[in-house]
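First up is the structure itself, then whatever we jot down about it.
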Amino acid sequence: MNGFAATLASQLTSALPATAPLIKAALRADPGLLNNCVSLTRQLERLVYEPFQAIMKGDLLKETISKGPFDIVIDGLDECEDKQGVEEFIDHLLDFFQEHPRIPLRIFIASQVEQHICERLEDDRVQLCNLDSHSPYDDIKKFLQVSFCTAAKRDRVIRAYIQEHGEWPMKPDMDMLTEQTGGSFLLASTIFKYTIQPATAEDPTTPMDRLPFALRMNGR
């Protein structure tokens, strides 16, 4: 998992700038910290966990407790070919939370079912959820609603149409678009991009013109 700790540290500084000087100090104190020969456990401790713990105090801690913990999302863990590194990461992660159960931090891992991952995560400290058992349609509908709303703010043609005719797309059309995706976020994105693409000399149609065609797409 080369570069994994460095990536998390970079994201951490973006979300919590106060951690930046602490991470820089750790690298100055240990210039070889990012070398591949250094264990992932040590890298995570020095570059992620310790800086996060160090700033979680005073007003920031109170605010975090009131709003809820920070989340680190790790998608596609099964795609990492370094199985030993993945196992080391999970083992250390569980040990860290065992030692610091009240820390306002949560790790969300999205992964295909792989034996070396499942064996590590089948633990009382882990909440497992099978996403296949959840319908994606509500999330897809929300994605489309937000996307069309954002497009309307940026596109004067759409904005003018809404001012004259009201809501667009209308609720029945939005419901139909959601169904047309067949539960696929990829198709939802494709339908949206097709509908709101700017007019060209070859295709002078507006998003309102293209919506009926989008409604006939079928992802099922």
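The values are calculated or read from the model by the stated rules, or taken from the named source; none is laboratory data. Quick caveat: nothing in here was measured; it's all calculated off a predicted structure. Glycine gets a Cβ as well: all are built from the backbone with ideal geometry, and neighbour counts include every protein chain shown.
A few notes on this one:
- Count of region 75-99 residues which are part of a loop (DSSP other than H, G, I, E, B) and surrounded by 14 or more Cβ atoms within 10 Å (Cβ to Cβ): 1
- Members of region 20-45 found to be of a type in the set (A, V, I, L, M) and either closer than 26 Å to Val86 by Cβ or outside any helix (DSSP H, G or I) (or both), listed by number: Ile23, Ala26, Leu27, Leu33, Leu34, Val38, Leu40, Leu44
- The set of residues in region 54-69 that are surrounded by 16 or more Cβ atoms within 10 Å (Cβ to Cβ) and either part of a strand (DSSP E or B) or in contact (Cβ under 8 Å) with a residue 40 or more places away in the chain (or both) comprises Met56, Thr64.
- For region 43-82, the set of residues classified as of a type in the set (Lys, Arg) and closer than 13 Å to Ala9 by Cβ consists of Arg46 only.
- Test: residue in region 119-126 that is free of Cβ contacts under 8 Å to residues at least 60 places away in the same chain and more than 30 Å from Ile55 (Cα to Cα): yes
- No other residue among Gln112, Gln84 is touching a residue at least 24 places away in the same chain (Cβ under 8 Å), assigned by TED's automatic domain parsing to the domain that holds Pro51 and more than 30 Å from Ile55 (Cβ to Cβ) apart from Gln112.
- Those helices (runs of 4 or more DSSP H) lying entirely in region 112-220 with at least 2 residues under 30 Å from Ile74 (Cβ atoms) and more than 21 Å from the chain's Cα centre (by Cα): 115-121
- Residues that are modelled with pLDDT under 90 and surrounded by 15 or more Cβ atoms within 10 Å (Cβ to Cβ), drawn from region 183-219: Gly183, Ser184, Met217
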